[in-house]
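The values are calculated or read from the model by the stated rules, or taken from the named source; none is laboratory data. Computed from a predicted structure; not experimentally measured. Positions of Cβ are generated from backbone atoms using ideal geometry, with glycine treated the same way; all protein chains shown enter the neighbour counts. Accessible surface areas use protein heavy atoms only, side chains included; no ligands, DNA or RNA. Shrake-Rupley method; radii C 1.70, N 1.55, O 1.52, S 1.80 Å.
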Amino acid sequence: MQLQIIIPGILVLLLLVVILGCYFGIKWYAAPFLHEGTDTLPYHETALVLGTAKLTHQGGINLYFRYRMEAAELLYKQHKISGFIVSGASRHPVSLNEGEEMKITLMAAGVPPDAVIADNYGYRTWDSLWRCRGVFGCRKVVVISQRFHTERAVFIGRKQGMEITGFNAADVKGPVAFRMFIRECLARVKCILDLYVLHPKPVYLRKEEG
């Protein structure tokens, strides 16, 4: 009877060790390559902005989207970057692609259309980074997202051979942040599996842009 209790407990403990090891290992690795402000960020020709939906399921503005766009606009206006690859995918059949939404938003902020490439096949972070390097031929970039996301993106990108740094957009507070933390813990386990075991290709390999 004791073994029936002890063995599952040991397995759960090992699972937690793996999850937390992946989470904090990636956090530690990425830390030297992240920037919170523009003063320490060197000039980059291109920024890769990782996608998220513009609106929440309730129809309100998605703060993750807003803060990423504000960060991208800031870097452009302070002449830290010259152009963007905005990478996302269409999550709902009646909505615009995340990349298209980001391009429209940046253009409204004064960024010229020819300075923004909308990659409409960034179905996940792995795909966005793989396509940035393998399809658009851009190996040196600054990636823009919230810190939890830039940590993972920098880890993936550098393991893929990119010279990548991260610029952290403002974090989102509240219950949604806790849900995102749980999601991110699992995403980092998948990230390790992708890099060292699965080696997946992105969903789309061709170069199509907006």
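A cut-off under 11 angstrom between Cβ atoms defines the neighbours of residue 154, and their net charge, with Lys, Arg +1 and Asp, Glu -1, is +3. Relative to the compact-globule estimate of 2.2 N^0.38 Å, the Cα radius of gyration of segment 126-210 comes out at 1.15. Only one of [x] 25, 19, 18; [y] 31, 27, 20; [z] 31, 19, 17 was calculated from the structure for semi-axes √(5λ) of the Cα gyration tensor in Å, and its label is [z].
Using the Cβ of residue 203 as centre and a radius below 9 Å, the other residues enclosed give a net charge of +1, where K and R count +1 and D and E count -1. Binned at 10 Å from 0, what are the whole-percent values of the Cα-Cα distance distribution for segment 1-93, short to long? Computed distribution, short to long bins: 13, 26, 26, 19, 11, 5, 1. Surface exposure of segment 78-134, expressed per residue as accessible area with a 1.4 Å probe, stands at 41 Å². Farthest toward the dipole's positive end in the chain, which of 25, 13, 118, given Cβ charges of +1 (Lys, Arg) and -1 (Asp, Glu) about the Cα centre? Selected residue: 13. On segment 1-154, 63 percent of the accessible area sits on carbon and sulfur atoms, based on a 1.4 Å probe. Model label points for residue 193 and residue 15, set 7 angstrom from Cα along the Cα-to-Cβ axis, are 1.3 nm apart.
Within the listed set 143, 12, 135, the Gaussian network model of the chain (springs between alpha-carbon atoms below 10 Å) gives the highest mean-square fluctuation for 12.
Multiplying the sequence separation of residue 178 and residue 115 by 0.36 nm and subtracting their Cα-Cα distance, what value in nm do you get?
Difference between extended and current length: 19.2 nm.
In terms of packing, defined here as the mean over residues of other Cβ atoms within 10 angstrom, the peptides 63-76, 13-26 line up highest first as 63-76, 13-26.
For the chain, what is the calculated [θ] at 222 nm in deg cm²/dmol (nearest 500), taking -39500 (n - 2.57) for each run of four or more DSSP H residues and dividing by its residue count?
Mean residue ellipticity, 222 nm, calculated: -15500 deg cm²/dmol.
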